[in-house]
Amino acid sequence: MFDFENLEVYRKAESFSKVVLRYLQDNKVDFYLADQLKRAALSITLNVAEGAGRFSKNDKKNFYVIARGSVYECVSVVRLMKVTRAVDDNNFSAFYHQLEELSKMLNGLIQSMRRL
């Protein structure tokens with residue numbers, strides 16, 4: 001097992017990516033919004049994994065900061081999906097809640113890298 005697989009933030013990011021991919025597969029969403037959301041959601045997961053694999057705390061922190069930026073990108077896309085009615089209120093709230101949780105977890109991880 002790889003270290004990143006034990007991180008709760010990684011598991012939550014992976015779960016969010018799965019939910020996004022399923023939603024986009026089952027619902028008609030503008031191609032560009034769907035593509036951007038897929039990329040940003042996967043970026044969260046991939047950057048957490050890559051950060052966990054780095055040796056220096058600064059390298060780790062940089063990848064976690066990029067992952068947090070991808071969370072913000074997802075929030076922006078999901079908000080645009082709501083405005084364009086590509087997502088209903090229930091799914092919007094579910095996505096938004098997961099992204100808030102990921103943001104808080106990543107903020108904690110980034111802060112812990114600064115304290116080391």
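Any read-out appearing in this document is the output of simple, stated calculations on the displayed coordinates, not a laboratory observation. Small disclaimer: the values here were computed from a predicted structure and weren't measured. So basically every Cβ, Gly included, is an ideal-geometry build from the backbone, and we count neighbours across all protein chains shown.
A few points about this structure:
- Cα pair distances of the chain binned at 10 Å [whole percent]: 15, 48, 26, 11, 1
- Members of Lys60/Lys104; Lys28/Lys60; Lys60/Lys82; Lys28/Lys104 lying beyond 28 Å, as alpha-carbon distances in this model show: Lys28/Lys60; Lys60/Lys82; Lys28/Lys104
- Residue order for Leu109, Leu7, fewest other beta carbons within 10 angstrom first, comes to Leu7, Leu109.
- When the chain is treated as a GNM with alpha-carbon contacts under 10 Å, the residue of Leu80, Leu42, Leu24 showing the greatest mean-square fluctuation is Leu80.
- Candidate aspartates and glutamates - alpha carbon under 20 Å from Lys18, same-chain residues fewer than 8 apart omitted: Glu5, Glu8, Asp26, Asp30, Asp35, Glu50, Glu73, Asp88, Asp89, Glu100, Glu101
- Principal-axis tilt of helix 8-26 within the chain, Cα atoms, nearest 10 degrees: 20
- Projecting the Cα positions of Val71, Gly53, Val29 onto the charge dipole of the stretch 29-97 (unit charges on Cβ atoms of Lys, Arg, Asp and Glu, taken about the Cα centre) puts Gly53 furthest along the positive direction.
- GNM top mover of Gln25, Gln98, Gln36 - the chain, alpha-carbon springs below 10 Å: Gln25
- Taking Val83, Val65, Val75 as the candidate residues, the one with maximal mean-square fluctuation in a Gaussian network model of the chain, Cα springs under 10 Å, is Val83.
- Contact order relative to length of the chain, as percent, for alpha carbon pairs under 8 angstrom and 6 or more apart: 29
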